[in-house]
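Everything on this sheet refers to the single structure shown next.
The values are calculated or read from the model by the stated rules, or taken from the named source; none is laboratory data. Model, not experiment: these values are computed from the prediction. With ideal geometry, Cβ positions are generated from the backbone for all residues, glycine too; neighbour counts draw on all protein chains shown.
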Amino acid sequence: MRVAFLIPALDLFGGVGVVVGHARRLRERHGVDAVLVQTRPDRASGDQQHNGVGTVPVVELADMRGKRFDVAVATWWETTLHLHDVEADRYAYLVQSMEDRFYGPDTAQRAAAAMTHALPVAMITEARWIAEQLEELRGGPDRFRVHYVRNGIDKRVFAVPDAVAPSVDGPLRVLVEGRPGVPFKGVDEALAAAGAMREPAHVTLVCADRGATRPAMADEVLGPLSPERMADLYARTDVVLKLARVEGMAGPPLEGFHRGATCVTTPVTGHDEYVADGRNALLTSFDDERGTSRLLDLLARDRRLLHELRTSALRTARSWPSTEQSTAMLLLALRRIVAGPSPDPTGSAAGMAADIRMTMQRHQAAERDHERLQVRMNRIESLLLRGPLKVVRRRLAGRR
């Protein structure tokens, strides 16, 4: 099988890192001719010998002429714009979040990203909530099925211990991961909640961009860290604090589970893939700094509850698929896509037409608002020129 994964650029973090890992394992363990196709050559690093890429070829979109694949897979909404520039028998879209949510309500990017979710291609995703939404966009699961492939965890790096040692004394060890200043990540809110605790705590912030942090944000600021160093840090952590607003399926709390940490998290989309409130973690509400601080204080005081949650988190981790198992499931999905018929474009056309109509209505409403605002500004300017402004000018002239 020949598979082309379209990526924006060779960035081995986040969603692109997941794709790169799949491509490497498909090539090295399953005999699949997998390649990575960069759609932003201006951002290309050219480093094909990176440890995360391995033997996977990295090519530019312009170099794909004359090459044909069994399936071409878009992995971010912008890459769908170039999907059919690659010759393939089948086309697919690996959706790792409903990506329109990353943009403001009246932006062109939000409208474009929403439309890509209705493209007449096969769909693969990592979370049940995404699968349900994509299926509903096509008229329900009876008409359109999404291939569900959970993200795996590298069990060699994030090895699950046989047991977790009780944390019976000392400050509560809290880990916050992410870049401050990004609203949907909730890092600033997490640091504020941890800082408002009444019980003793040691807060560690892991941020890939150290320039975006300030020393006062946490007791310790680290990053960027390799997966191995992150695994060691999770093993020294009691609670991973994740207050994100937008996620496909957050990985850090699950990685923490594998090393014996529990988590306090918002009910962000994808949390229910592995979080069971009161059993292996605690759920807090959005925009509730005081309530979040009280949950952290509870865990700092009640070390028995903390140990029970951490022990249950280990059980959850043991049942979670490894990266190898996840890639094997992706290979099965790709084989079904290649062997099956192309998706019926009828349902997609209806969804895209509705998106176009809604986008036009929003832009028309914005234009009307702009026209009304311009009329008001013209009136205000006219009044200023005719009335008070003349008085001010005369008084200033008199003072001079």
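At-a-glance table
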| quantity | calculated |
| --- | --- |
| Residue list for segment 86-116, filter: charged (D, E, K, R), assigned to a helix (DSSP H, G or I) and within 17 Å of THR39 (Cβ to Cβ) | GLU99 |
| LEU305 among the hydrophobic types (A, V, I, L, M, F, W, C) and free of Cβ contacts under 8 Å to residues at least 12 places away in the same chain | yes |
| LEU119 vs. criteria of a type outside the set (Ser, Thr, Tyr), within 26 Å of MET329 (Cα to Cα) and not in a strand (DSSP E or B) | yes |
| Some residue of segment 227-239 being part of a strand (DSSP E or B), within 25 Å of LEU314 (Cα to Cα) and within 16 Å of the chain's Cα centre (by Cα) | no |
| Residues that are farther than 11 Å from HIS147 by Cα, at pLDDT 90 or above and touching an Asp or Glu at 6+ places or on another chain (Cβ under 8 Å), drawn from segment 118-134 | TRP129 |
| Unmet requirement for ARG138, which otherwise passes all of (1) farther than 21 Å from GLY15 by Cα; (2) at pLDDT 95 or above; (3) in the same structural domain as VAL19 (by TED's automatic domain parsing) | (2) |
| Scan of segment 263-282 for residues that are over 15 Å from ALA190 (Cβ atoms), in a strand (DSSP E or B) and of a type in the set (Val, Ile, Thr), ordered by number | none |
| Sole exception among (1) touching a residue at least 12 places away in the same chain (Cβ under 8 Å); (2) more than 15 Å from the chain's Cα centre (by Cα); (3) farther than 30 Å from SER342 by Cα; (4) outside any loop (DSSP other than H, G, I, E, B) for LYS155, by number | (4) |
| Among residues of segment 60-85, those that are buried (at least 22 other Cβ atoms within 10 Å of the Cβ), over 27 Å from ALA111 (Cα atoms) and among the aliphatic types (A, V, I, L, M), counted | 0 |
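Here is a yes/no grid of residues against (1) touching a residue at least 60 places away in the same chain (Cβ under 8 Å); (2) outside any loop (DSSP other than H, G, I, E, B); (3) of a type in the set (A, V, I, L, M, F, W, C):
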| residue | (1), (2), (3) |
| --- | --- |
| GLY170 | no, no, no |
| VAL174 | yes, yes, yes |
| GLU189 | yes, yes, no |
| ALA194 | yes, yes, yes |
| ARG198 | yes, no, no |
| LEU205 | no, yes, yes |
| ALA208 | yes, no, yes |
| ALA216 | no, yes, yes |
| VAL221 | no, yes, yes |
